[in-house]
Amino acid sequence: MNESWGAGIGGGLWSTGKALAAYFEANPAFLNKSLGNKRCIEVGSGNAYNGMLLATIVPTCSVVVTDIFKHVAFMKETIIENRASLENCGADVKAAEYDWGAEPDIKQLGHDQFDFIFGSDVAYRDYLHDPLIDAFDKLSHVNTVILIGVTKTDTSTEFFTKLNKRNFSYTRFHDNQLDPEFRGNIFGLYFIQRERKQ
């Protein structure tokens, strides 16, 4: 795993990112069944580690790793440095700029909507909540599954209140679904989906 803190906060893998990676590594059969041949996007990818990990676990899916402009070159470098591993299993990973805090251009993502959206530590400031939920709304369809990891001391309950107001439901993973290192009251993984109209 490449880390470059000189690239800013996105240059490394935070603890919640490690919790998400541990979940991916522990559930290959479930992920292959759920995400085989699906379009996947990671928001706030940073060093692209989790996106590449998912692609190697589920090589039939396509993965786009995204972040703000200043992290794109680092993500591309990481992909190039791991190209042999990715090619050996037939994994498909692309890096693209996607700044959901601005007015992002989704054309460069390759798709308008995705089947699986994931990210870690992407709601750690209140001002990120609305644009992040906007991104979920724009990039998802009715059957899209969203998976995020949060550090609960950084992510306020207001984020989840806003999700409900925007017609997204969420479910927190039970501790026994997490790697023992990440159980307790600090980290949380959440499944998010659009609420079905009755």
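List of remarks:
- Region 153-198 versus region 64-103: alpha-carbon centroid distance in Å: 26 Å
- Each Lys and Arg contributes +1 and each Asp and Glu -1, all at the Cβ; summed about the Cα centre of the chain, the dipole is approximately 600 debye.
- Label-point gap, in nm, between GLU77 and HIS111 - each point 7 angstrom along Cα→Cβ: 2.9 nm
- Here the Karplus curve 6.51 cos²θ - 1.76 cosθ + 1.60, taken at θ = phi - 60°, turns the phi angles of region 143-151 into couplings of 9, 5, 10, 10, 10, 10, x, 10, 9 Hz, with x standing for Gly and Pro.
- Of LYS94/LYS165; LYS33/LYS165; LYS70/LYS107, pairs whose Cα-Cα distance is over 29 Å: LYS94/LYS165; LYS33/LYS165
- Structure-derived Cα extents along the principal axes in Å: which label, when the choices are (1) 52, 51, 30; (2) 45, 39, 37; (3) 48, 36, 28: (2)
- Put simply, when 142-149, 25-32, 53-60 are sorted by average Cβ atoms within 10 angstrom per residue, most first, you get 53-60, 142-149, 25-32.
- Most to least packed among 115-123, 185-193 [average Cβ atoms within 10 Å]: 115-123, 185-193
- Among beta bridges identified by DSSP and lying wholly in the chain, the antiparallel ones come to about 35 percent.
- Reach of LYS18 by Cα under 17 Å, taken over lysines that are not fewer than 8 positions away in the same chain: LYS152
- Dipole of the chain, positive end: most advanced residue of GLY184, SER156, LEU31 [Cβ charges, Cα centre]: LEU31
- Dipole magnitude of region 151-198 about its Cα centre (Cβ charges: Lys, Arg +1; Asp, Glu -1), debye to nearest 20: 460 debye
Values in this text are rule-based calculations from the coordinates and carry no lab data. Remember, it's a predicted structure, so these values are computed and weren't measured experimentally. Neighbour counts run over all protein chains shown; Cβ positions are idealised from the backbone, glycine included.
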